[in-house]
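For reference, the structure discussed in these notes is given below.
The values are calculated or read from the model by the stated rules, or taken from the named source; none is laboratory data. Just so we're clear, the structure is a prediction, and the values are computed from it rather than from any experiment. We place every Cβ from the backbone using ideal geometry, glycine too, and count neighbours over all the protein chains shown. Areas reflect the complete protein model, heavy atoms only, side chains present, ligands, DNA and RNA absent. Shrake-Rupley method; radii C 1.70, N 1.55, O 1.52, S 1.80 Å.
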Amino acid sequence: MIEGIGRRRFLAAGAAVVGVGAASRAWAGTPLADVPPGGVLRSEARLPRPYQVPLPVPPVLEPALRTATTDYYYLTQRVAELEILPGLRTNCWTFDGLFPGPTLVSRSGRRAVVTHRNELPQPTVVHLHGGHTPEDSDGYPIDLTMPVGSRMSYADAMAGMPEMHDSHGKLSHGQRNYTYPMLQRAATLWYHDHRMGYTGPAVYRGMAGFHLVTDDEEDGLDLPRGSRDIPLLLADRAFAENGALMYPAVDPGMRKPGVVHAHHFGVMGDVILVNGAPWPVHRVRRQRYRLRLLNGCNVRDFRLELDPPPPGGKGLLQIGSDGGLLGSPLAHDSLRIAPAERFDVIVDFARYRPGTKVRLVNRFGSGSTARVMRFDVSPSSRKPHDDTHIPKRLSRYPATVLDPRKAVAHRTFAFRHSRDGWTINGFPYKPGRSLADVRLGKVEIWKFTSVFFHSVHVHLDAFRVLSRNGKKPGAYDAGWKDTVATGPGETVEVAVRFTDYTGNFMIHCHNLEHEDMAMMADFTTH
């Protein structure tokens, strides 16, 4: 049973949570995201034992049409009854009836046009997260695609948000074409719903999938490929007794946005899904594997480790971040991964003895949320040939294009909670109100400050982390980022440079409940 709390109690709870003691405990090892005031939703359904369900791998979607310059894709957004928990059916919102949706694979410099047909009961918006994308295809949150055959008006779709009465996005009926020029390097991207006020429940219901970009530089490396290159979308959910997804919406019919007050700090479940399967298991050979890790949770923060660690430790070799390959590999014992972040890692299962059962665990979880999945290493003592190689130098993509000494502006974005809700620089989101006018091609220094845990996402271009609290970047800040964890009392300084496309773009918290409660802002490029 989920109950709301009064406004005064909610604000008091927020003050208590972000106090100095709580903040220091969180950053020392127990993140705020794992113990929000509303707690973790507890499933009513009978849950399977861990490591019984085989790991599903989303299928790669082939283009419906290829021309000399462009790949054309067609996706249908529709309701589907999926068997997530064995023996139960769960009503999901999906791309092509799958959760996660099909994986799209694009070539750098080759345009992709994706047509999304909306057969859901509500409007949608699609954002290619990490995409270097023109304004009209970036998934601006009020650029709605109405359901096929719907008589719902734009005013009806925005009825629960009276502050938006003078805003109007680009409206599409039934379907919409999104054009992605793909003028960017190889990287692990993902696509998800981005509708104003309803991103949280839509993604929670299943609206997410991978979109991978390849290029010549990455192809020139002997990295694991094919069945040993595995995208892994991590998500947490809670299930009712009949298998339905539990989500504490103010209005389950989605005519009014928001969650009950107890969950304003974010919605978390007690079942960890990997590619839509609860605590799955995957058989691996004694070879190197590439794991493309994506935190697809609404708010949950992970610290991932291999248990047992391989002999000698440092079993997670990071080769990539949100924006593509690192300059050189980084070896980790554990990885902290905030909502919407991606880490590409190499795991060499040849370091384990035959038959070892290797768990991927979450040190920020407890009980059911401490488990993620398991890899069962082949019992054969015969070690297969591995034709892969991880070089000391992965990429020569120049970091000098973001030389902070060339910065033409310094800006601060303060992520706060106030009586107006979740705000940036004191403002709740209003479409068209820009907090920054940015010149294309010029370097700027942006500072993100916070008194709570926020996962900050910047649209259009990747950035590089310069410092945390005036000191060097953290252990997980390497490479090109589009999303960065900003902890309680922290200031994270980044260098940004936007190119190619003018218009309105976004910076926002990727705690999806915060995003839905107006923790977003526009910036304008020209």
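Only lysines eight or more places from K406 in sequence, or on another chain, were considered; those with a Cα closer than 27 Å are K442, K447, K471, K472, K481. Taking every protein chain into account, the accessible area of region 347-436 amounts to 56 square angstrom per residue (probe 1.4 Å). Taking all protein chains together and rolling a 1.4 Å probe, D96 ends up with roughly 50 Å² accessible.
For region 41-137, how big is Rg over Rh, using alpha carbon atoms and the Kirkwood form of Rh?
On the way: Rg = 16.8 Å, Rh = 16.0 Å.
Ratio of gyration radius to Kirkwood radius: 1.05.
Rounded to a whole number of µm²/s, how large is the Stokes-Einstein D of region 149-226 at 10 °C and 1.306 mPa s, given Rh as the Kirkwood radius over C-alpha pairs? Can you show the working numbers first?
Working: Rh = 16.2 Å.
D, rounded to a whole number, is 98 µm²/s.
Electrostatic bookkeeping for E241 treats Lys and Arg as +1 and Asp and Glu as -1; over the other residues with beta carbon under 11 Å from its beta carbon, the sum is 0.
When Rg and Dmax are taken over the Cα atoms of region 65-211, they come to 15.6, 48 Å. Rounded to the nearest 500, the helix-only mean residue ellipticity at 222 nm of the chain stands at -2000 deg cm²/dmol, with each DSSP H run of n ≥ 4 adding -39,500 (n - 2.57).
So what's the gap between the Cα centers of region 69-85 and region 455-526, to the nearest angstrom? Between the Cα centres of region 69-85 and region 455-526 lies a distance of 29 Å.
The candidate values were (1) 0.96; (2) 0.94; (3) 1.11; the one computed from these coordinates for Rg/Rh (Cα atoms, Kirkwood Rh) carries the label (2). Near the amide H of R342, under 5 Å away, which other amide H atoms are found, from residues 5 or more places off or on another chain, if H is placed in the peptide plane? HN-HN under 5 Å from R342: D322. Close amide-amide hydrogen proximity is noted between L120 and V148, each under 5 Å apart and 5 or more residues distant or on a separate chain (H modeled in the peptide plane; Pro and chain starts excluded). Taking the centroid of alpha carbons for each part, region 204-223 and region 392-418 are 23 Å apart. Along region 366-379 the Karplus relation, 6.51 cos²θ - 1.76 cosθ + 1.60 evaluated at θ = phi - 60°, assigns HN-Hα couplings of 8, x, 5, 8, 7, 9, 10, 6, 9, 10, 9, 6, 3, x Hz to successive residues, with x for each Gly and Pro. Taking amide H positions as modeled 1.01 Å from N, with prolines and chain starts lacking one, the residues under 5 Å from W190 and 5 or more places away or on another chain are H129, H211. 3J(HN,Hα) couplings calculated from phi for region 153-161 with the Karplus curve 6.51 cos²θ - 1.76 cosθ + 1.60 (θ = phi - 60°) are, in sequence order, 8, 4, 4, 4, 5, 9, 4, x, 10 Hz; Gly and Pro show x.
Thinking of region 421-526 as a set of Cα atoms, what percent of all their pairs are more than 24 Å apart?
On the way: 1104 of 5565 pairs.
Roughly 20 percent, once rounded to a whole number.
Round to a whole number: what % of the accessible area of region 268-426 belongs to carbon and sulfur, probe 1.4 Å? Taking all protein chains in place, region 268-426 shows 47 percent carbon and sulfur surface. Going by accessible surface with a 1.4 Å probe and the largest first, Y180, Y397, Y501 read Y397, Y501, Y180. Computed over Cα pairs, the Kirkwood radius of region 171-326 leads via Stokes-Einstein (1.306 mPa s, 10 °C) to a diffusion coefficient of 86 µm² per second.
Other residues lying with their Cβ under 14 Å from the Cβ of V408 contribute a combined charge of +3, Lys and Arg counting +1, Asp and Glu -1.
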